[in-house]
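Enquirer: The structure under discussion is supplied below as structure tokens; questions concerning it will follow.
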Amino acid sequence: MTQTTENTAPRPFPEDWGRALAVVAHPDDLEFGASSAIARWTAQGKKVTELLVTRGEAGIDGISPEDCAPLRMEEQRASAAAVGVDEVEFLDFPDGLLEYGVPLRHALAGAIRRHRPEVVVSINFRESFAGGAGGFNHADHRVLGPALLDAVRDAANRWVFPEQVADGLQPWPGVRLVAFAASPLAGHYVELSEDDLAAGVASLDAHRVYLENLEGFDQKSFLPRAAAQAGEWAGVPLATGFEVFEV
């Protein structure tokens, strides 16, 4: 696997592919950096499936996990629909307590073998976000990124998790790129139209209850400001950046 974020000019994200799997830890993760790009891709006719590793049950302080999980799942489905995604799956790992290890790699490799994507999309797993936003990155994000990169390789190897192959999930070596939005090491960009950005804003807005419980967050300005800043970096009016690993 080759990281393609050297200190060179930002490069356009390749778009000569047809299927992507977007894998994140929590409902709302994609909406803080990747959903506008997903809107662009689905408008091009690409198939994007979203996979949530947890159900986000620990994400709202004033709502118990058993009440929070179905609410956040419902909001994620509405959020996905706003950017043209009609397939959303949830695993059942514990929110806030993800651990790197074989169980997580096994579940991710199985999903990759099942969906057979050419591109895998996630969000930043580095310690900080682009521009220093958000402080120290969430533990679940920092765990998921390396596990996802390893699972891409696992999915291609028939001798890793061979019981999946025996059950009919054939190895999948077809992932070309793994891309992480909002990374401080971004080297690629997706140019956004006003319509792409508007769809991304609508996707974020779908997390209504979650956003109502975030103190001091200006949801109306966040994505437009981030898209303009990324566009300035990329040399286009509006953009979103990705750290890309070639497989």
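The values are calculated or read from the model by the stated rules, or taken from the named source; none is laboratory data. Fair warning: this is a prediction, and the values are worked out from it, not measured in the lab. Here the Cβ is made from the backbone with ideal geometry for all residues, glycine too, and neighbour counts use every protein chain on show. Side chains are part of the model used for accessible areas, which takes the heavy atoms of the whole protein and leaves out ligands, DNA and RNA. Shrake-Rupley method; radii C 1.70, N 1.55, O 1.52, S 1.80 Å.
Enquirer: At 15 Å minimum axial length over the Cα atoms and a Kyte-Doolittle cut of -0.5, report the qualifying DSSP H helices in the chain, or say none.
Expert: Helices meeting the span and hydropathy rule in the chain are 102-115, 139-156, 194-205, 219-234.
Enquirer: Arrange the residues Trp233, Trp17, Trp172, Trp159 by how much accessible surface each exposes, largest first, with a 1.4 angstrom probe. Spell out each step's value before the answer.
Expert: Details: Trp233 100, Trp17 15, Trp172 40, Trp159 200 Å².
The most accessible residue leads, giving Trp159, Trp233, Trp172, Trp17.
Enquirer: Still on this structure: Taking amide hydrogens as modeled 1.01 Å from N in the peptide plane, which residues meet the under 5 Å criterion relative to Glu89, leaving out close sequence neighbours?
Expert: Those lying under 5 Å, H to H, from Glu89 are Glu50, Leu51, Leu52.
Enquirer: Could you state, as a whole-number percent, how many of the C-alpha pairs of the chain are farther apart than 25 Å? Write out the running numbers ahead of the final one.
Expert: Values: 11515 of 30381 pairs.
Above the 25 Å cut-off, the chain has 38 percent of its Cα pairs.
Enquirer: Using the alpha-carbon centroid of each, what span in Å lies between segment 203-234 and segment 112-177?
Expert: Spelled out, the Cα-based centre of one part sits 25 Å from the other.
Enquirer: Separate question: Given springs between every Cα pair under 10 Å in a Gaussian network model of the chain, which of Gln170, Gln229, Gln44 has the largest fluctuation?
Expert: Residue with maximal mean-square fluctuation among Gln170, Gln229, Gln44: Gln44.
Enquirer: Here's another thing I want to ask about it. Skipping prolines and chain starts, which residues have an amide H placed within reach, meaning under 5 Å, of the one on Asn157, given they are 5 or more residues away or on another chain?
Expert: Trp172
Enquirer: Further, regarding this structure: Give the carbon-plus-sulfur fraction of the accessible surface of the chain in %, rounded to a whole number; probe 1.4 Å, heavy atoms of protein chains only.
Expert: 52 percent
Enquirer: On to the next question. State in Å² the accessible area per residue of segment 41-162; use a 1.4 Å probe, count heavy atoms of protein chains only, and round to the nearest integer.
Expert: Values: 5360 Å² over 122 residues.
Accessible area per residue, segment 41-162: 44 Å².
Enquirer: P(r) for segment 1-103, please, calculated from all Cα pair distances in 10 Å bins and given in %.
Expert: 14, 39, 31, 15, 2
Enquirer: Considering the options Pro162, Cys68, Ala202, tell which one lies farthest towards the positive end of the dipole of the chain, charges being +1 on Lys and Arg and -1 on Asp and Glu at the Cβ, about the Cα centre.
Expert: It is Pro162.
Enquirer: Okay, next question. Can you tell me the dipole magnitude for the chain around its Cα centre, using point charges on the Cβ only (Lys, Arg +1; Asp, Glu -1), in Debye to the nearest 20?
Expert: 820 debye
Enquirer: Suppose only helical runs count, i.e. DSSP H with n ≥ 4. What mean residue ellipticity at 222 nm does that imply for the chain under -39500 (n - 2.57) per run, divided by all residues and rounded to the nearest 500 deg cm²/dmol? Intermediate results must be reported in sequence, preceding the final value.
Expert: On the way: 8 runs with 97 residues, N = 247.
When only DSSP H runs of four or more count, the value is -12000 deg cm²/dmol.
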